Amino acid sequence: MMSNVETPRYPMEGGSSQSSLNHHQQQQQQQQQPTILSRYESQKRRDWNTFGQYLKNQRPPVTLSQCNCNHVLEFLRYLDQFGKTKVHLHGCVFFGQPDPPAPCTCPLRQAWGSLDALIGRLRAAYEENGGLPESNPFGNGAIRVYLREIKEGQAKARGIPYKKKKKKKNQNLKHFKQSSTTTPAAAASASC
Ligand SMILES: [Zn+2]
């Protein structure tokens, strides 16, 4: 049920850390510093609401206690449709070019950095909303593996390395595909 009620505000309940101040000083302080959520906190709340809405919209709806890392992975894929980062497909002539000279039809995706930050906020929000750290789906290894895949894939497709090249000893990154026995995707589905 949608209503046009605005997001409720949460005034601070009793400033316990300010107990040394007398009542008059406390009032002054509260007047001078109205409670404003930090950007991180308000973003985290928005993310949490979005995720909650996403779970409710599933058929059948998923409760928070049923939520596992598969739901989180599906949520991340679902968000791609709102992405604004051009990620070139393998067939694109601009694959691997950081600064393409012309537009192309490759899809827009969520940038790896956005997803990584989002997961961090949701992971915190999950536990703040009563979830147990042991069962936190946002902390699951499968999510880490998925994000790493996205990061590496986008770095290649966009020609933009996310890491500063400090390591000199390993130049055989190109052999990674051939030498690794289990693909990250397989590892992800197995551990989730
Ligand atoms: Zn392209």
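Bear in mind these aren't lab numbers, they're just calculated from the coordinates by the rules spelled out. None of these values were measured; they are calculated from a predicted model. All Cβ positions, glycine included, derive from the backbone under ideal geometry; neighbour counts span all protein chains shown.
Give me 126, 54 sorted ascending by neighbouring Cβ count inside 10 Å, so fewest comes first. Let's see the in-between values first.
Numbers: 126 22, 54 17.
Result, fewest neighbours first: 54, 126.
Starting from the amide H of residue 86, placed 1.01 Å from N in the peptide plane, find each other amide H under 5 Å away whose residue is 5 or more places distant or on another chain.
Distant-sequence amide H within range of residue 86: 109.
May I ask you to evaluate 6.51 cos²θ - 1.76 cosθ + 1.60, the Karplus curve with θ = phi - 60°, for each residue of the range 39-51 and list the ³J(HN,Hα) values in order in whole Hz, giving x for glycine and proline?
Per-residue couplings from phi come out as 4, 4, 5, 6, 5, 4, 5, 4, 4, 5, 5, 4, 5 Hz.
So which of 44/84; 84/156; 56/86; 44/156 end up more than 27 Å apart, counting from Cα to Cα?
Values: 44/84 20 Å; 84/156 17 Å; 56/86 30 Å; 44/156 30 Å.
Over 27 Å apart, Cα to Cα: 56/86; 44/156.
Taking other Cβ within 10 Å of each residue's Cβ, how do 150, 160 sort, fewest first? List each step's numbers first, then the result.
Details: 150 20, 160 14.
Fewest to most other Cβ atoms nearby, the residues stand as 160, 150.
Multiplying the sequence separation of residue 149 and residue 85 by 0.36 nm and subtracting their Cα-Cα distance, what value in nm do you get? Provide the component values of the computation, followed by the final result.
Details: separation 64, 0.36 × 64 = 23.04 nm, distance 1.60 nm.
The span from residue 149 to residue 85 would gain 21.4 nm if fully extended.
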